[in-house]
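The values are calculated or read from the model by the stated rules, or taken from the named source; none is laboratory data. All figures in this text were calculated on a predicted structure; none of them were measured in a lab. We place every Cβ from the backbone using ideal geometry, glycine too, and count neighbours over all the protein chains shown.
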């Protein structure tokens, strides 16, 4: 729990200004289009690019826990025996193995994030906590992090799918400047088909955040025939109006499959090969629908 897969510096698409984005490991959703499969499972993993392996056996010979053996010339790992000693990552001559998931105390993480303070100040940026799903990490741990960042005067943005207990959001609300809030599909059956869960909790939390004064950017991944339909956009607009939600920004994010190559490295199969992004004309039409409905700060990307 609370593992971190990456601390990405100079991010410009995860909130305002130049940001450092922290990716936490573990997510309760299983989006068909997920481009960070290494953040889905909550436990630490070994990422392995088997396609580049030359079957030299270096990793097998050095493995402290004897978790590796050659199977038809390819190193196979017994997860139960792996002690994450990281020797296989060091001794692989081609650098094909990587431990996914590192632990930081709140103090250690904030110390690392403060290194980019100059960039935050000059650009109006800050730190974005993302995932996986940051809001399903330990509540006290995340609250400690955002409180420390807030004390240092660092702007905090939370990138969330919204599928977490509302008490987790409530605990950090005083210290967070912006929530990047995913609304993947309004129809609950469609949401469950493509995301793996019903969206009732997600929408309920969105309403509560808005009523409690949170600054919110609505983010919609745009997949043709799923979220990128007039029906879904119209229903999303109606939901926002009916619940008095006035997001500071609406970001329509065209689907891309740039993370599909990562699935094999963590022993998963990419299920989104048939998905497509809307073309420019369609995207501009969806933007106009939001603007015509009064959401004037709607843009493609974000």
### Task
Go through the residues of region 95-103 one by one and say whether even a single one is closer than 30 Å to residue 49 by Cβ, modelled with pLDDT of 95 or more and in a helix (DSSP H, G or I).
no
#### Entry: Complete set of residues in region 144-170 that are more than 17 Å from residue 201 (Cα to Cα) and more than 18 Å from the chain's Cα centre (by Cα)
144, 147, 148, 149, 150, 151, 152, 153, 154, 155
### Message
Among the residues in region 81-91, are any surrounded by fewer than 17 Cβ atoms within 10 Å (Cβ to Cβ), outside the structural domain of residue 142 (by TED's automatic domain parsing) and more than 26 Å from residue 24 (Cα to Cα)?
### Response
yes
### Query
What tally of residues in region 152-207 results from selecting those that are at positive phi, touching a strand residue (DSSP E or B) at 6+ places or on another chain (Cβ under 7 Å) and either loosely packed, with under 15 Cβ neighbours inside 10 Å or in a helix (DSSP H, G or I) (or both)?
0
#### Entry: Checking residue 125 against (1) closer than 25 Å to residue 30 by Cα; (2) buried (at least 20 other Cβ atoms within 10 Å of the Cβ); (3) touching a strand residue (DSSP E or B) at 6+ places or on another chain (Cβ under 8 Å), the condition it does not meet
(1)
### Query
Among 71, 76, 108, which is the only one that is assigned by TED's automatic domain parsing to the domain that holds residue 176 and either farther than 28 Å from residue 217 by Cβ or at pLDDT below 95 (or both)?
108
### Matching entry among 236, 258 (being assigned to a loop (DSSP other than H, G, I, E, B) and within 25 Å of residue 35 (Cα to Cα))
258
### Task
Please tell me if residue 16 is surrounded by 17 or more Cβ atoms within 10 Å (Cβ to Cβ) and either at pLDDT 95 or above or in a loop (DSSP other than H, G, I, E, B) (or both).
yes
### Task
Report yes if residue 6 is within 29 Å of residue 153 (Cα to Cα) and assigned to a loop (DSSP other than H, G, I, E, B), otherwise no.
no
### Task
Count, please, the residues in region 270-294 that happen to be within 25 Å of the chain's Cα centre (by Cα) and either outside any helix (DSSP H, G or I) or not assigned by TED's automatic domain parsing to the domain that holds residue 248 (or both).
10
### Query
Looking at 71, 86, 76, 121, which one is farther than 30 Å from residue 48 by Cα and over 24 Å from the mean Cα position of the chain (by Cα)?
121
### Message
Considering only residues that are under 16 Å from residue 262 (Cβ atoms) and surrounded by fewer than 21 Cβ atoms within 10 Å (Cβ to Cβ), which ones fall in region 1-13?
### Response
6, 8
### Query
Out of region 21-72, which residues are out of contact with any helix residue (DSSP H, G or I) (no Cβ under 9 Å at 6 or more places or on another chain), part of a helix (DSSP H, G or I) and surrounded by fewer than 21 Cβ atoms within 10 Å (Cβ to Cβ)?
52
